[in-house]
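Trainee: Pasting a structure below so you can have a look.
The values are calculated or read from the model by the stated rules, or taken from the named source; none is laboratory data. Treat the numbers as computed from the prediction; the structure is a model and nothing was measured. Cβ atoms come from the backbone with ideal geometry, glycine included; neighbour counts cover every protein chain shown.
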Amino acid sequence: MSVLEAVAEAGATRARGWAAPVLAAVSGALPLLVFPAPGWWWFGYVCLVPLMLVLRTASSARRALLLGWLGGIGFLVGVMSWLIPTLSVAILVLAALLGLLWAPWGWLVWRLLHGTPDGGRAAAALVLVPSGWLLIETVRSWQYLGGPWGLLGASQYAQHFALRLASVGGVWADSLLLVAVNTALVVLVAAWGRCAVAWGALLAMAACVGSVLLWAPGPRATGRGVSVGVVQPGVIATPEARAAREELLTRQLLAAHPDIVLWGESSLSYDLTARRRLAGQLAALSRQAGADLMVGVDAERPGSSGGIYKSSVVVGPDGPTGQVYDKIRLVPFGEYIPLRPALGWIADLSKAAGVDRRRGTAQVVMTLPTRDAGPLRVGPLICFESAFPDMSRALAERGAQLLLVQSATSSYQDTWAPAQHASLAALRAAETGRPVVQATLTGVSTAYDATGRRIGAPLGTDRSDTAVYTVPLASGRTLYDRWGNWLPAASVALVLLWGLGWAGVNLRNRRH
């Protein structure tokens, strides 16, 4: 071999060495296309195939771990790209840390799918690879690791069959189905289409979805309905101007006679116990509307404890009714900085929270009057909390007939975040069998019935307006409401059992 040929071969080897990591990171980001606003929901059934093909060709277990980590970084930066204006370069640090969750998954894909998998390895992959992905989603759903934003199954919020699946297994069922289909396709690619196990798995998945559509219990309409007036002021510079705009818009709702008037998160920047005049104005507004107002307060609370709380506060004809809910799960970096003594520097490089908000202590179910339907039990959620399936389920278990979400995404007005956030309400409705209405300061405000089907037209981010959603109430409990997070628990158990078995076999072989 000549010197030129040797140099060319060395360059090609180096290029191949760099190609796989780059491909892993880029292909890991492809799922961003399945979420709103692109909304290519159908792409979810193939979006992981490129990444898994890269992983299965890794030259070693260590290489598979590295590629899995890079794929996780790509996924997080892609799906959370709307955070870049807030976190700046810090998003790369956070993605690098959380991306470590994908490293074992990358090894698992390589272990089960490298080369041409036989029937046994293919069957194991079809069970364990989706379960491993669900394990990642379960771990990162912990609020202190960022919460369950960007769960793959959430991309299917507008599909009837996916919402029915969510009523049985939560959003986790949709994630599991998507990853299982992707895995079956990778097996077929690796086996040149000749794998009866993969074809059989695809048929079995189709049969399962069909069975859920036919037999899964759904919510039962009660024949009662409630009208919710939503106030969306739009982007306004000062708290005083925003409050004035919200009062004006509420007056425009008077002719519609809503049962409840819902304002967005942080619609008021003043504590009503310290602003008696403002509380009186809102009480007068409630009397004129003939309905209670649920407003959002983001203010320092007077008293010995002090601190800034984000709260849902009900104001009736006589003033604040005493029904208050303080937000429990705060947005990391947006509303507080985890481990501020160590990570406080992020605030200097980004728009992260300068002051930590205080947490509430418990969820609350409120009772509000209505014109014709009698007392109504509602469960408030504030912004980020609608991403957590367990919170809406807990409210349904405590008797909430309607879930009300108050949100503010003005910091991400020109990103895909508002559309992604609005889509979560559909899944929470389908999971619990309870209708959901979401009011935001700047859009998207929307409503869904108890099956997750959209009611009326949403208010987009370009609107400063009101909407009245007539929401049909429902009774009964979904299977997810009864059984909870049984799918994540089963997936974790499967992966751990397989891991223990694999480790035991390896240990025995080394001894021999």
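Trainee: Identify, from the list Ser167, Ser155, Ser211, Ser227, the residue that is assigned by TED's automatic domain parsing to the domain that holds Pro472 and more than 22 Å from Leu494 (Cα to Cα).
Mentor: Selected residue: Ser227, the only one of Ser167, Ser155, Ser211, Ser227 that is assigned by TED's automatic domain parsing to the domain that holds Pro472 and more than 22 Å from Leu494 (Cα to Cα).
Trainee: To continue, here is another question. How many of the residues in segment 70-98 are more than 21 Å from Trp416 (Cα to Cα) and surrounded by 24 or more Cβ atoms within 10 Å (Cβ to Cβ)?
Mentor: 2
Trainee: Still on this structure, I have one more. Which residue is surrounded by the fewest Cβ atoms within 10 Å (Cβ to Cβ), if the candidates are limited to segment 462-500 and must be of a type in the set (D, E, K, R), under 30 Å from Pro130 (Cα atoms) and in contact (Cβ under 8 Å) with a residue 24 or more places away in the chain?
Mentor: Restricting attention to segment 462-500, the residues satisfying the condition of being of a type in the set (D, E, K, R) are 462-463, 465, 477, 481-482.
Cutting the leftovers down to under 30 Å from Pro130 (Cα atoms) gives us 477, 481-482.
Applying the additional criterion that residues be in contact (Cβ under 8 Å) with a residue 24 or more places away in the chain yields 477, 481.
Numbers: Arg477: 16, Asp481: 20.
Checked segment 462-500; the qualifying residue surrounded by the fewest Cβ atoms within 10 Å (Cβ to Cβ) is Arg477.
Trainee: If you don't mind, there's one more thing I want to ask. For segment 394-437, name all the residues that are under 20 Å from Val168 (Cβ atoms), among the charged types (D, E, K, R) and not in a helix (DSSP H, G or I). Even if it seems obvious, please write down each step before you answer.
Mentor: Initial filter on segment 394-437 (under 20 Å from Val168 (Cβ atoms)): 394-397, 403, 423-436.
With the extra rule that they be among the charged types (D, E, K, R), the set shrinks to 397, 428, 431, 434.
Answer for segment 394-437, where residues must be under 20 Å from Val168 (Cβ atoms), among the charged types (D, E, K, R) and not in a helix (DSSP H, G or I): just Arg434.
Trainee: Follow-up. Take the conditions crowded, with 17+ Cβ neighbours inside 10 Å, in contact (Cβ under 8 Å) with a residue 24 or more places away in the chain, touching a Pro at 6+ places or on another chain (Cβ under 8 Å) and β-branched (Val, Ile, Thr) and apply them to Val444. Does it pass? Can you show your working first?
Mentor: Working: crowded, with 17+ Cβ neighbours inside 10 Å: yes; in contact (Cβ under 8 Å) with a residue 24 or more places away in the chain: yes; touching a Pro at 6+ places or on another chain (Cβ under 8 Å): yes; β-branched (Val, Ile, Thr): yes.
Taking the combined requirement at face value, the residue satisfies it.
Trainee: Among the listed residues Ala362, Ala457, Ala422, identify the single one that is out of contact with any helix residue (DSSP H, G or I) (no Cβ under 7 Å at 6 or more places or on another chain) and within 22 Å of Gly484 (Cα to Cα).
Mentor: On the way: Ala457 fails: within 22 Å of Gly484 (Cα to Cα); Ala422 fails: within 22 Å of Gly484 (Cα to Cα).
Selected residue: Ala362, the only one of Ala362, Ala457, Ala422 that is out of contact with any helix residue (DSSP H, G or I) (no Cβ under 7 Å at 6 or more places or on another chain) and within 22 Å of Gly484 (Cα to Cα).
Trainee: Could you tell me which residue of segment 119-173 is farthest from Pro332 (Cα to Cα), considering only residues that are under 12 Å from the mean Cα position of the chain (by Cα) and among the small types (Gly, Ala, Ser)?
Mentor: The selected residue is Gly170.
Trainee: Show the residue pairs that are 6+ apart or on different chains and have beta-carbon atoms under 6 Å apart, the first residue being within segment 113-138 and without any contact (Cβ under 8 Å) to a residue 12 or more places away in the chain, the second being in a helix (DSSP H, G or I) and crowded, with 22+ Cβ neighbours inside 10 Å.
Mentor: Arg121/Leu112
Trainee: Let me ask another. Inspect segment 258-272 for any residue being farther than 19 Å from Thr466 by Cα and in contact (Cβ under 8 Å) with a residue 40 or more places away in the chain and give the result as yes or no.
Mentor: First pass over segment 258-272, keeping only residues farther than 19 Å from Thr466 by Cα: 269-272.
Still in the running and in contact (Cβ under 8 Å) with a residue 40 or more places away in the chain: 272.
Yes, segment 258-272 contains at least one residue that is farther than 19 Å from Thr466 by Cα and in contact (Cβ under 8 Å) with a residue 40 or more places away in the chain.
Trainee: Scan segment 416-427 and give yes if some residue there is in contact with a Pro (Cβ under 8 Å, 6 or more places away or on another chain), surrounded by fewer than 23 Cβ atoms within 10 Å (Cβ to Cβ) and more than 18 Å from Leu163 (Cβ to Cβ), otherwise no.
Mentor: yes
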